[in-house]
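Take a look at the structure set out below.
Taken together, the values in this text are just the output of simple stated rules run on the coordinates, not laboratory data. Keep in mind the model is a prediction, meaning the values are calculated, not measured. Positions of Cβ are backbone-derived with ideal geometry, glycine not excepted, and every protein chain shown enters the neighbour counts.
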Amino acid sequence: MNPLQLAVVGHTNTGKTSLLRTLTRDVSFGEVSARPSTTRHVEGARLFAGDEVVVELYDTPGLEDALSLLDAIDALLAPGERLDGPARIARFLDSPDAHSRFEQEAKVLRQVLASDAGLVVIDVRDPVLTKYRDELSILADCGKPLLPVLNFVHTPGNHAEVWREALARVGLHSVISFDTVTPEIDGEQRLFAKLALLLEGFAPALQRLMLARQNEADARLQTATQLIASLLIDVAAYRVTVPNADESALQVPIQQLREKIRQHEASCVHELLKLYRFRRDDVTLSGLPILDGRWEDDLFSREALGVMGIRLSQGLVAGAVAGISIDLIVGGLTLGAATVAGALAGGLWQLGNTYGERVLGKLRGYRSLTVDDSILRLLALRQLWLVNALQQRGHAAMHTIEPNAQLDNPQTKRWREGALPAELKKARSHAEWSAMSPDFSATVTRDEVIQNLAASFSLAT
Ligand SMILES: Nc1nc2c(ncn2[C@@H]2O[C@H](COP(=O)(O)OP(=O)(O)OP(=O)(O)O)[C@@H](O)[C@H]2O)c(=O)[nH]1
Ligand SMILES: [Mg+2]
């Protein structure tokens, strides 16, 4: 079966090209601008379900002078002659005017005649002027099913209701609102569902398209949550070991750490933009406000101890580790603590595992810098906010996304003030899980942790 051919028509500057960008998810389709008569030629684009071309969309130049056009069409009738709509349009298209004065308008009408149906894009910020009524009646004369698309419906004080009435008067009862810049998440599904009702023959193909697009949206979201989870795991697991010098000597490694985290976040953002098919400059990233190197105060957390306990069971008595006063070691390395720790370090040394090295590092005068919990919270919130914004953003949007809006829901509240997910706590004691680390190894366990963390994000498609 041939693809459904849809002509996208309407008054100039109503957002026809913007609608094509949004439906094709192609930010570079055609030219969009605030000045009228931007589109000068008919340009096609395709919508796929897998490999199947389901819809062919044709962007057309905007109609401008419907009053004179209607007069010109009427003038082609002999006195007393009656022709139905399509015959009137056909006669006009054969007339010299269609190749001169009304060349642009003729392109539009030819495209409607050559298509199965038309999407009539309407800017509901405008009142229903006579010229718009004339446009509608000319388009209706083409004898093709038309679906009016009410654009700019999110603008306060719009005339959407008056437009619906005016459309009903020319027999157009099925109407859809669809803001091309900030479409609702289910906007395009509703659009295709309306088309399926209007064009029964194409309904099965449109159903396939809807299903394919829903699957794509689900897959995109899944990838997005995995990207965020990987970022968080990478950052939580990351640690830098530095000599135990005075505070000022730590400034450089702290700066380097910050920079590294920033870059890692930026690359996650770019991956997300690519995934959602937006451009790199569609979002601005401000620097991370708070990020301080912090001492290895989680070294002896329950999780780290747990891991150590398991490993130590081969060489040292696990109980010996659990019995040490952790504060003593972390705090001041008193003689007593050092003695106990010395024995511990000996055992760990034998095992040669990363925890052993970390303990040794501390005892020999090394410190390790890790990223603070608050940064993890911040990273999570920013990325979740971004995905939410990208999901709601039409591909016709021209403004830049700035990560400052507050997203308020139980999930963000949890990230802001609740306990961090267990996966991140776990990552703290697995430096090798960080893709930023030279010791990085992508293990099955790390993958599972990322999957679990990703599954805990709740974002709607
Ligand atoms: N806020 C908002 N702006 C929109 C929307 N749709 C289009 N615009 C803006 O309206 C202007 C015209 O959009 P275009 O897509 O170029 O309109 P067009 O109908 O193709 O215009 P012509 O090709 O000149 O007939 C641009 O500045 C768009 O950014 C919308 O849904 N919401
Ligand atoms: Mg255009």
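Here is how the numbers come out for the structure above:
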{"quantity": "Inter-label distance for Ala422 and Arg40, nm, one decimal - labels placed 7 Å from Cα along Cα-to-Cβ", "calculated": "6.5"}
{"quantity": "Added length on full extension, which subtracts the Cα-Cα distance from 0.36 nm per residue, Glu216 to Glu271", "calculated": "18.2 nm"}
{"quantity": "For peptides 25-31, 77-83, sequence by mean Cβ density within 10 Å, most packed first", "calculated": "25-31, 77-83"}
{"quantity": "Percent of beta bridges antiparallel (DSSP, segment 4-198, rounded to nearest 5)", "calculated": "25"}
{"quantity": "Sparse-neighbourhood loop sites, trypsin sites (Lys or Arg not before Pro) in segment 119-189 - DSSP loop, at most 15 other Cβ within 10 angstrom", "calculated": "Arg125"}
{"quantity": "Point-to-point label distance, Asp74-Ser33, nm (Cα→Cβ direction, 7 Å offset)", "calculated": "3.5"}
{"quantity": "Net lengthening on full extension, Gln256/Glu200 (0.36 nm per residue, minus Cα-Cα)", "calculated": "14.0 nm"}
{"quantity": "Overall form of segment 4-198 per C-alpha gyration tensor (a/c, 1.5; a/b vs b/c)", "calculated": "prolate"}
{"quantity": "Contact order normalised by residue count of segment 25-133, Cα under 8 Å, 6+ apart, percent", "calculated": "23"}
{"quantity": "Computed FRET value (nearest 0.05) for Arg414 with Arg169, which takes r as the C-beta separation and R₀ as 35 Å", "calculated": "0.10"}
{"quantity": "Calculated SAXS-style log₁₀ I(q)/I(0) at q = 0.21, 0.22, 0.23, 0.26 Å⁻¹ - segment 17-94, Debye, Cα scatterers", "calculated": "-0.94, -0.98, -1.02, -1.16"}
{"quantity": "Linear extension gain, Arg280 paired with Thr130, 0.36 nm per residue minus alpha-carbon span", "calculated": "49.7 nm"}
{"quantity": "Cα centroid separation - segment 438-461 against segment 416-434, whole Å", "calculated": "11"}
